[in-house]
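Accompanying notes for the structure given below.
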Amino acid sequence: MANQAHENHHEPHVLPLPVYYGIFGALLGLTILTYAVSFVGLPESLALGVAMLVASTKAALVAGVFMHLIWDEKLNILVLAVSVLAMLLFFGVTLMDEMSRGLILPEEGTLFKQNEDAALKEAANPPPAEPGAAQAGGKGAKLKAAAGSGEGSAAAPAAAAAPAAGSGEGSAAAPAAGSGSGSR
Amino acid sequence: MSATTIDHSPSHAAGEHGHHDNYLVAKKGISSWIWTVDHKRLGIMYLAAVILFFIVGGLAAIAVRTELMNPTKDIMDADAYNRMFTLHGAVMVFLVIIPSIPASLGNFVLPLMLGAKDVAFPKLNLASFWVYVLGAAFFIATLVTGGVDTGWTFYTPYSIKTSSSATIALLGAFILGFSSIFTGINFLVTIHKMRAPGLTWDRLPLFVWALYATALMQVLATPVLAITLGLLVLERTIHIGIFDPVYGGDPVLFQHFFWFYSHPAVYIMIVPGFGMISELITVHSRKGIFGYKPIAISSVAIAFIGFLVWGHHLFVSSQSALAGSIFSFLTFAVAVPTAIKVFSWIATLYKGSIQYTTPMVYALSFLFLFSIGGLTGLFLGSLSVDVHLTDTYFVIAHFHYVMMGGTIIAFIGGVHHWWHKFTGKNYNEKIGVIAAIIIFVGFNVTFFTQFIFGSQGMPRRYWSYLEQYHTGHMISTYGSYLLAVGLFLALFNLLASLRNKGVAPERWRGVSLEWETATPPIEHNFESIPVVTAGPYDFPEVRAARTGNGH
Amino acid sequence: MSSATNAHDDAHGQAHHKFHQHHFLTMAQQASSAKFGMWLFLGQEVLFFSGLFMAYFVFRALYPETWLHSAEYLSKTMGGINTVVLLYSSLTMALAVRSAQLSDKKGLIINLIQTIVCAFIFMVVKYFEYSAKFDHGFLPGALYHGHEFIPGRPELFFTVYFTMTGLHGIHVVAGIGVLFWILKRAIRGDFDSTYYIPVENVGLYWHLVDLVWIFLFPLLYLVR
Amino acid sequence: MKTPLLADGSAATFWLPEAASTFAADHDYLYYLIFWISTFFFVVMMGAMAYFMVKYRRRKQGEATSDIHGNTKLEIAWSVLPTLILGVFFVLGFRGFIDTLTPPANTLNINVTAQQWAWSFTYPNGGNDSILVVPVGKPVKLTMSSVDVLHSFFVPAFRAKRDVVPGRYTVLWFQSDKLGEYDVLCTEYCGTSHSLMMSKVKVVSQEEYDAHLKGLTGCQDGQSLAECGGVAFKRNGCNSCHSVDGSKLVGPSLKGVYGTEQPIVGGPAVIADEQYIRESVMNPMAKIVAGYPAAMPAYAGRINEEQMGALVEYIRSIK
């Protein structure tokens, strides 16, 4: 028959209270663990990995027990699995692109250094009528005191060998870019 | 899928003499329509809205083509032109093609095909319709506030900087997204939980399979569009910088976000068309479908692989070569199930009893046009050829062959196919066929020309162009006028039938469940829940062949 | 092959329930459909949030120094308190569903009230965190005017911070709304062991809000 | 790979424009390969359809049809065959794509700046021009960036296209062995005058190229300062937004503007003197003339002092 719904779900499936308290205790413990690990000073990628591992465990506990997924229809588990899979594909492929832009040509993977494109910022400021925009230029300039507004946005990055009209100013800006983090 | 019994359904299911009124007259007054939770009335309301917006988008297209008749200014300046092609694209994509088959035909037919009294969540269905109207109202509002000039793709950073009223259009598309998600959830639950007894997965009409694959994509992809457009609205209002290079954001990231939705959206648009064609070809040639399982499964396969090919819109956009290559590979992978479908439809005609009804003429012209659309996709999927062709009229022609030659033609065919079921009236068959042929000819004149001057290098979204493309544009414009004539003729033919009195006799009779109820259907669809004992295409003619006693 | 039976009045002899909708054959079918629909909605929520997580990962990869330094200005303590508050509310929500399953009206009401109180505490803590960011000029994008030097693109970090926690906050506020609705119905006595699917669905929604926070907390506050 | 389907490997055909770059032949080969294979399959499919349409048209209501549900061998065949053919297309396309992305060593490097709605090419000696002049038979590498929105650099005759993205560099290379003049088009929608954002690429002999390069920096001998400014005006694409005959384009016309009073958004009117013109070129956002959009990019760092002086002189001369 097409509808399993006729058959199942006659009586509610009730879990004993200690299960709930036990899961809550485990969640608290894992929270304390991840909080404590953040003070250890692990290298960044390792810290990210550990934090994600702990968070995934917590998520599995909440989804499995609090959301009753372990005892639920298989279909509902499938829904969650498919949506998480779609999300991971989205992350994976987009990140793969962002990380491999400079694979063939290094300059293609280079975002403009923040100080080099101050002129770009000036040029692209939205019309003053827009709220919030009017302040943008001023405080931007104040924060990035190192930036000279004259540096040409047309200048090629140091990586690109091509000399450009503004190359003089461009390379002058390059040391300041040490604080910026344009490249991958 | 074949059933051994010929006792197709209980006789009392077809309640021709029941004491229930049909859905059109069961309740009276405007408010009984506005607040209706009846999936059939909602389907009709969607149908009316979709046709209305198709006319709006179509008139915009005529205006665009007229302007392009000559390389110089014909009827509008560059700014007006940019707003006009954006209007055409946005209205056609968001208001017409996406809801066309699923929300209007699907809404009406799906519960009937499943033998259910309604969709799983009727109130959500109603909400979905009014959310659609609200989103459409935002789109219409942009007309009053001066239009939008970003193109329907809203590429950053132009969409951040433009002074046109893009914010309103973005909010409109954001809202429409939720309408689409609600419909998708509703359909998935309905198909999973509300099938009539005996209606197993391998007895579902292929239209239902197609709607299932579509709904899956609507639920999984549309939320990404919603968050993208939401971020873009914030980008325009408070400049949050995610897509804006001025603040270190990445404009190409927007394209990833956008196409992660919009490529599956292309399949959201075409897969229901596939389902529609499966119904038309079988019913009007009285044949079971050739290869039920491959067609059903390829719908779902296309839905899944469709999530992995979005980057083929970004081959020249500074996407990495690695990503581009992977996307190209997967794009070719999605071509295989599509090819299988087309082969199967053609094979279905073999040893059929083909009647040249209006819906069948649309189905055959779909096969012709969609084949061209699919094959030209191979040019665009090949990395090096795409470099030359992308962003030219070749792409315009390609997606019109798929979206219009595919989805819209299937949609019009479907409306003719079920018009009698919807209204109880028969339209003029001769005029219907003539209109279908005019549309077919006009379409090819308009868009095949564009393959040629597109290959020659004519870029898209150009208000004026170099002299060498003049002849092509002129032919294309004349073709579009012919196309418009055909479309209006088809519409008038359908509307004229509404003036006939009484319920006309049925001219073709399928064997899936929607044909088992009264015409027009009663308010709760079935007098009693039918029990299914055979597949969806087990026509008497097929059974006659099987038992060998065909006369 | 089954023969043609009339399924119309074939409702397993169940009495017609007050909340039984006519287009479902049985209460069990209705409950199962509603729950499947809710899960699909949650699946769509996962993808909805994924856009912002995507932005987080991309910009973290493009501006690693910014991420390392900007996170210093978020309070681990406040984030930690909110984590515990949300986890506790998740527990009370799960217990509320359990009470409904056992037809325990009093337990249901008490657990729902506890959940709502936790949601309010969460929003109050969030308010203090946000006002601290506003005072220091740590605002998204063009609004950013922080005085402390943070390398790279701090405005992007705070864009990601505000959009992620903001969208999550909107979900918490919406959650408070539906919790009040379900509380009202619980007081009216709508729910018992034969009909508790609205409680269960609101519970699923509330747990998802918790799930999102479980990932937000380490990503934004802890990993530096 | 030569292309056997073209009479001459480089002349324009019905489908494709003239081919003038080294990788155009490879591109055209694959294009025609896909074209003919597609045509073949299309004819077979439509032929079968037309045959069935005639052979199996309905002769009698209710005539028996057939109980065919599939044919496993046939279905496997028509799954595998397309897969193999598509695999070939992918591999050929991939190879061609990598070629267009990988410039050889020893390229001539030219920087491209795109803005609404003009192209600007910066040569190795620092000279700017609004058209691209390249020596014949030499690989050229363009390092491109945009100052405002997305653009796309497209030369149909070279089969070369690449988006130009603000905030990033993109690279496109080509080599042309054919003297001539080819169209440069913008193919990423960029606003009002998107369709007018065209330029030319001239493939010339090495000597002509060298001479052209020399003429780009500063003013020529015997040229008046105003004339020199007029040339700079065109080369920097100023004329795409500012007319010199009084007609209104995106920006104000410069006819007779020198020395007149200009209304400014959110501030007092200013006299259009030399100081104001300099500021307007270098930092246009400082004072926007009322009634016009704030659309002009900054030229600071892109125009040298000599050109700036000549520009002022030119604007003064437009009466």
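Suppose we look only past 22 Å in the calculated P(r) of the range D:108-216. What percent of the Cα-Cα pairs does that tail hold?
Every Cα pair in the range D:108-216 considered, those over 22 Å come to 25 percent.
Leaving out ligands, DNA and RNA, what percent of the accessible area of the range B:96-173 is carbon and sulfur, probe 1.4 Å?
Taking all protein chains in place, the range B:96-173 shows 78 percent carbon and sulfur surface.
Roughly how many percent of the accessible protein surface of the range D:225-317 is carbon and sulfur, given a 1.4 Å probe and a whole-percent answer?
56 percent
When N is the residue count of the range D:225-317, what does its C-alpha Rg come to as a fraction of 2.2 N^0.38 Å?
Scaled against compact globular proteins, the figure is 0.99.
How many partner chain Cβ atoms sit within 10 Å of a residue's Cβ in peptide B:116-123, on average, as a whole number? Spell out each step's value before the answer.
Working: counts 3, 5, 4, 2, 9, 5, 3, 1.
Across B:116-123, the average partner-chain Cβ count within 10 Å equals 4.
Can you classify the range B:225-269 as rounded, prolate or oblate using the Cα gyration tensor, where a ≥ b ≥ c are the square roots of its eigenvalues, rounded means a/c under 1.5, and otherwise it's prolate if a/b beats b/c and oblate if not?
Oblate, because a/c is 1.5 or more while a/b does not exceed b/c.
Which of D:Glu261, D:Glu279, D:Glu75 moves the most in a Gaussian network model of chain D with Cα springs under 10 Å?
Result for chain D, Cα springs under 10 Å: D:Glu75 fluctuates most.
Give the cross-link partners of B:Lys293 among the lysines, using a straight C-alpha distance below 19 Å as the criterion and excluding same-chain residues fewer than 8 apart.
Answer for B:Lys293, where 19 Å is the Cα cut-off: B:Lys341, D:Lys73, listed by chain and number.
So how strong a dipole does the range D:108-216 carry about its Cα centre when Lys and Arg Cβ are +1 and Asp and Glu Cβ are -1, to the nearest 20 debye?
Value, rounded to 20: 240 debye.
Going toward the positive end of the dipole of the protein assembly as shown, with +1 on Lys and Arg Cβ and -1 on Asp and Glu Cβ, which of C:Val124, B:Gly405, C:Pro64 do you reach last?
B:Gly405
Among C:Tyr205, D:His151, B:Ala436, pick out the residue whose Cα is farthest towards the positive end of the charge dipole of the protein assembly as shown, where Lys and Arg carry +1 and Asp and Glu carry -1 on C-beta, about the Cα centre.
My answer, from the dipole projection, is B:Ala436.
When DSSP beta bridges are limited to those with both residues in the protein assembly as shown, what percentage is antiparallel, rounded to the nearest 5?
Percent antiparallel among DSSP bridges in the protein assembly as shown is about 70.
Of the candidates C:Asp190, C:Asp135, C:Asp210, which one comes out as most mobile in a Gaussian network treatment of chain C with C-alpha springs shorter than 10 Å?
Between C:Asp190, C:Asp135, C:Asp210, it is C:Asp135 that shows the largest mean-square fluctuation.
Of the candidates C:Lys35, C:Lys133, C:Lys18, which one comes out as most mobile in a Gaussian network treatment of chain C with C-alpha springs shorter than 10 Å?
Among C:Lys35, C:Lys133, C:Lys18, the largest mean-square fluctuation in the Gaussian network model of chain C belongs to C:Lys18.
Shielding of D:26-34 by partners, i.e. mean partner chain Cβ atoms within 10 Å per residue?
The per-residue average across the peptide is 4.
Using the crude model of +1 on Lys and Arg Cβ and -1 on Asp and Glu Cβ, and no other charge, please compute the dipole size for the protein assembly as shown relative to its Cα centre, in debye to 20.
Working: 80 positive and 83 negative charges, 553 e Å.
For the protein assembly as shown, the charge dipole is close to 2660 debye.
Distance check, please: which entries in B:Lys27/B:Lys425; B:Lys161/D:Lys319; C:Lys76/C:Lys106; B:Lys40/C:Lys35; B:Lys40/B:Lys287 exceed 31 angstrom between their Cα atoms?
Exceeds cut-off: B:Lys161/D:Lys319; C:Lys76/C:Lys106.
Under the rule that a partner needs its Cβ under 4.7 Å from the first Cβ, which Cys of chain D have none?
So, D:Cys186, D:Cys190, D:Cys238, D:Cys241.
Averaged per residue, what accessible surface does chain D expose to a 1.4 Å probe, in Å²?
That works out to 41 Å² for each residue.
Mind running the shape call on the range A:15-67? Use the C-alpha gyration tensor, a ≥ b ≥ c as the square roots of the eigenvalues: rounded below 1.5 for a/c, prolate if a/b tops b/c, oblate otherwise.
It comes out oblate by the Cα gyration axes.
Expressed as a whole percentage, what fraction of the accessible surface of chain C belongs to carbon and sulfur atoms when a 1.4 Å probe is rolled over the protein heavy atoms?
66 percent
First measure r as the distance between the Cβ atoms of A:Val19 and B:Gln355, then evaluate 1/(1 + (r/R0)^6) with R0 = 56 Å and state the FRET efficiency to the nearest 0.05.
0.30
Hey, got the dipole for chain D? About the Cα centre, +1 on K and R Cβ, -1 on D and E Cβ, debye to the nearest 20?
About 1260 debye.
Rounded to the nearest 100 Å², what is the sum over both chains of accessible area buried where A meets D, with a probe of 1.4 Å?
That pair of chains buries around 2500 Å² in total.
Over all alpha-carbon pairs of the range B:58-150, lay out the pair-distance distribution in 5 Å bins, whole %, shortest bin first.
Whole-percent P(r) values from 0 Å outward: 3, 12, 17, 18, 13, 11, 9, 7, 5, 3, 2, 0.
Please name which of B:Thr376, B:Gly486, B:Leu231 has its Cα lying farthest along the dipole of the protein assembly as shown towards the positive end, using unit charges on Cβ (Lys, Arg +1; Asp, Glu -1) and the Cα centre as origin.
Selected residue: B:Gly486.
Taking the Cα atoms only, what angle lies between the long axis of helix B:166-193 and the longest principal axis of chain B, rounded to 10 degrees?
Helix B:166-193 sits at roughly 30 degrees to that axis.
Calculate how steeply helix B:409-423 sits against the longest principal axis of the alpha-carbon atoms of chain B, using the helix alpha-carbon long axis, and give the answer as 0 to 90 degrees to the nearest 10.
40 degrees
Mind listing, in residue-number order, the residues in the range D:53-77 that have at least 50 Å² less accessible area with every protein chain present than in their own chain alone (1.4 Å probe)?
D:Met53, D:Tyr56, D:Arg58, D:Ala64, D:Thr65, D:Ser66, D:Asp67, D:Ile68, D:His69
Grab the other residues whose beta carbon is less than 15 angstrom from that of B:Val316, score K and R as +1, D and E as -1, and report the net. Don't jump to the answer; show the numbers that get you there.
Working: positive: A:Arg101, B:Arg460, D:Arg159, D:Lys161, D:Arg162, D:Arg168; negative: A:Asp97, A:Glu108, B:Asp386, B:Asp391, D:Asp99, D:Asp163, D:Glu188.
Net charge in that neighbourhood comes out at -1.
May I ask you to find the residues of the range B:297-325 that are shielded by at least 40 Å² of accessible area once the whole protein assembly is considered instead of their isolated chain (probe 1.4 Å)?
Those residues are B:Leu308, B:Trp310, B:Val316, B:Ser318, B:Ser320, B:Ala321, B:Leu322, B:Ser325.
Could the peptides B:509-517, B:73-81 be put in order, highest first, of the mean number of other beta-carbon atoms found within 10 Å of their residues?
Working: B:509-517: 22.2, B:73-81: 15.8.
Highest to lowest by the protection proxy: B:509-517, B:73-81.
Return one whole number: the accessible area per residue of the range B:452-523 in Å², for a 1.4 Å probe.
That works out to 41 Å² for each residue.
Just to be sure I understand the model, the point goes 7 Å from the Cα along the line to the Cβ. What's the resulting D:Asn125 to A:Ala81 distance in nm?
Output for this residue pair reads 6.9 nm.
Excluding B:Glu523 itself, what net charge comes from residues whose Cβ is under 13 Å from its Cβ, given Lys and Arg +1 and Asp and Glu -1?
Taking every Cβ under 13 Å from that of B:Glu523, the sum is +1.
How big is the A/B interface in buried accessible area, both sides summed, 1.4 Å probe, to the nearest 100 Å²?
The A and B chains share an interface burying roughly 2700 Å².
Between rounded, prolate and oblate, where does chain D land on the alpha carbon gyration tensor, with a ≥ b ≥ c its root eigenvalues, rounded for a/c under 1.5, else prolate if a/b exceeds b/c?
Since a/c reaches 1.5 and a/b is larger than b/c, the shape of chain D is classed as prolate.
Normalise the Cα radius of gyration of chain B by 2.2 N^0.38 Å (N = residues in it) and let me know the number.
Dividing the Cα radius of gyration by 2.2 N^0.38 Å gives 0.96.
Holding the Cα-Cα limit at 22 Å, pick out from D:Lys255/D:Lys287; B:Lys421/D:Lys55; B:Lys28/B:Lys501 the pairs that are longer than that.
Over 22 Å Cα-Cα: B:Lys421/D:Lys55.
Please pull out the direction-averaged projected area of the range C:66-163, using the convex hull of its alpha-carbon atoms, in nm² to one decimal place.
Details: hull surface 27.7 nm².
The orientation-averaged projected area of the Cα hull of the range C:66-163 comes to 6.9 nm².
Taking the 0 to 90 degree range and rounding to the nearest ten, how far is the long axis of helix C:105-136 tilted relative to the main principal axis of chain C, both from C-alpha atoms?
20 degrees
Just want to confirm a number: the relative contact order over the range D:225-317, from Cα pairs under 8 angstrom separated by 6+ residues, in percent.
Rounded, it is 37 percent for the range D:225-317.
I'd like the distance separating the alpha-carbon centroids of the range C:13-47 and the range B:417-436, in whole Å.
38 Å
Cα to Cα, under 29 Å, and not fewer than 8 places away if on the same chain: which lysines meet these conditions relative to D:Lys141?
Of all the lysines, those that pass the test against D:Lys141 - Cα under 29 Å, at least 8 places apart if same chain - are A:Lys113, A:Lys121, D:Lys2, D:Lys161, D:Lys178, D:Lys200, D:Lys202, D:Lys214, D:Lys234.
How big is D, in µm² s⁻¹, for the range B:479-527 by Stokes-Einstein at 25 °C and 0.890 mPa s if Rh is the Kirkwood radius over C-alpha pairs?
Here the translational diffusion coefficient equals 179 µm²/s.
Taking Rh as the Kirkwood radius computed over C-alpha pairs, what is the Stokes-Einstein D of the protein assembly as shown at 4 °C in a medium of viscosity 1.567 mPa s, expressed in µm² per second?
D, rounded to a whole number, is 39 µm²/s.
When the C-alpha atoms of the range B:415-527 are aligned to their principal axes, what extent does each axis show, in angstrom, from largest down?
Principal extents (largest minus smallest coordinate, Cα): 65, 25, 21 Å.
Which whole-number percent gives the relative contact order of chain B, counting Cα pairs below 8 Å spaced six or more residues apart?
RCO, chain B: 22 percent.
The values are calculated or read from the model by the stated rules, or taken from the named source; none is laboratory data. Since we're looking at a predicted model, the values are computed, not measured. Using ideal geometry, Cβ is built from the backbone for each residue, glycine included, and neighbour counts are taken over all protein chains shown. Keep in mind that these areas ignore ligands, DNA and RNA; they rest on the heavy atoms of the full protein, side chains included. Shrake-Rupley method; radii C 1.70, N 1.55, O 1.52, S 1.80 Å.
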